[in-house]
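Structure, as structure tokens:
The values are calculated or read from the model by the stated rules, or taken from the named source; none is laboratory data. It should be emphasised that the depicted structure is a prediction, and the values quoted were computed from it without experimental measurement. With ideal geometry, Cβ positions are generated from the backbone for all residues, glycine too; neighbour counts draw on all protein chains shown.
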Amino acid sequence: MQESLATLQQHIERFIIGKTDTVQLAIITLLARGHLMIEDVPGVGKTSLAHALAGALELDFRRIQFTSDILPSDITGVSIYDAEEKRFHFQKGPLFAHIVVADEINRSTPRTQSALLEAMNERQVTADNTTYPLEEPFFVIATQNPIESHGAYPLPESQLDRFMMYLSMGYPAPEDERRLLLNPPNGHRPGDLPPVLTRRELLALQAEVGKVRMDSILVDYILSLVTATRESKHLSLGVSPRGALALKQAARARALFFGRNYCIPDDIKQLAVPVLCHRVIPASPQGGGRRQGDTAVFIHDLVENLEIPV
């Protein structure tokens with residue numbers, strides 16, 4: 001099991017150089033049956049990471065380029081009238097895939113963004129009063145550019161809360177970028193390599209996450225973390241119960257990733273920032289709203305100062 005996950009990581013790192021932590025977190029999110037948001041400047045490999053992950057798995061993959069004029073039906077599907085049969089047929093949209101990349105999601109209108117809510121949370125799509133289940137596994141990787149505001153629509157709290165983790169890739173280290181310059185992909189794509197895991201194998205791994213043991217003392221540790229965010233005078237919005245559940249599930253997935261059937265405090269500590277930072281809002285008398293860097297620093301300091309159970 002651990003060998004297959006290590007091979008999966010190595011496969012992805014052939015295309016995403018020098019981002020071991022980011023790759024590990026993406027795999028952990030997938031194992032935990034969560035969804036992933038990646039925010040960063042253009043050209044650092046956000047979409048490439050999604051393509052590499054999809055290429056390493058024997059799964060259906062769709063990429064949706066979000067724009068200001070994209071409609072909800074463009075992603076969920078539309079009913080088309082069949083003149084011969086004299087009835088409507090539902091034509092499934094790109095959401096009906098195992099891995100969906102929502103590229104530049106903040107360029108779409110709130111109406112289209114909300115079309116993702118049901119799919120991400122309920123794993124189903126409702127159209128024309130009919131509900132269509134989405135096949136497992138279902139994994140959404142959304143990307144957005146933090147520096148562009150013209151024509152962008154910030155995601156509402158209800159949408160952000162659906163993402164298990166919120167990551168920023170950052171620029172590569174100089175030595176990693178040098179490797180990239182000396183050995184560019186030269187047209188090779190992740191799909192050119194044989195997949196590492198089949199759909200059945202991935203589903204089996206996701207099922208194993210539910211068997212990972214978490215002692216009650218670690219549950220209390222998670223509760224202490226989320227309660228501290230709700231009671232802090234520095235935050236106007238604390239972590240929701242959904243966020244606490246996400247942290248627990250992600251910690252179990254991390255334990256499995258590292259070959260354990262039990263959680264340790266470090267599983268929670270290492271995941272607190274990517275799982276919780278996008279679920280809180282700093283208190284700002286000027287009404288400045290959310291700044292991701294500020295919330296990440298707050299969660300990091302909270303974890304460092306909160307006593308870890310032994």
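Of the candidates PHE96, PHE139, PHE90, the single residue that is of a type in the set (Phe, Trp, Tyr), on the phi < 0 side of the Ramachandran plot, without any contact (Cβ under 8 Å) to a residue 40 or more places away in the chain and not assigned by TED's automatic domain parsing to the domain that holds VAL273 is PHE96.
Of the helices (runs of 4 or more DSSP H) lying entirely inside the range 19-124, those carrying at least 1 residues that are under 16 Å from the mean Cα position of the chain (by Cα) and of a type in the set (S, T, N, Q) are 20-31, 46-55, 110-122. Just one of (1) farther than 30 Å from TYR153 by Cβ; (2) free of Cβ contacts under 8 Å to residues at least 60 places away in the same chain fails for ASP294. It is (1). A single member of VAL196, VAL209, VAL226, VAL219 is touching a residue at least 12 places away in the same chain (Cβ under 8 Å) and touching a Ser or Thr at 6+ places or on another chain (Cβ under 6 Å), and it is VAL196. Determine, yes or no, whether ARG107 is in contact (Cβ under 8 Å) with a residue 12 or more places away in the chain and crowded, with 17+ Cβ neighbours inside 10 Å. When the stated conditions are applied, ARG107 passes them. For ALA142, are the conditions met, namely being of a type outside the set (D, E, K, R) and under 25 Å from ASP21 (Cα atoms)? So ALA142 fits the description; yes.
Among the candidates LEU256, LEU218, LEU160, LEU247, the residue that is of a type outside the set (S, T, N, Q) and more than 22 Å from the chain's Cα centre (by Cα) is uniquely LEU218. One residue is enough: does the range 186-198 have a residue meeting the conditions crowded, with 17+ Cβ neighbours inside 10 Å, in the same structural domain as GLN2 (by TED's automatic domain parsing), under 17 Å from the mean Cα position of the chain (by Cα) and not in a loop (DSSP other than H, G, I, E, B)? No, every residue in the range 186-198 fails to be crowded, with 17+ Cβ neighbours inside 10 Å, in the same structural domain as GLN2 (by TED's automatic domain parsing), under 17 Å from the mean Cα position of the chain (by Cα) and not in a loop (DSSP other than H, G, I, E, B).
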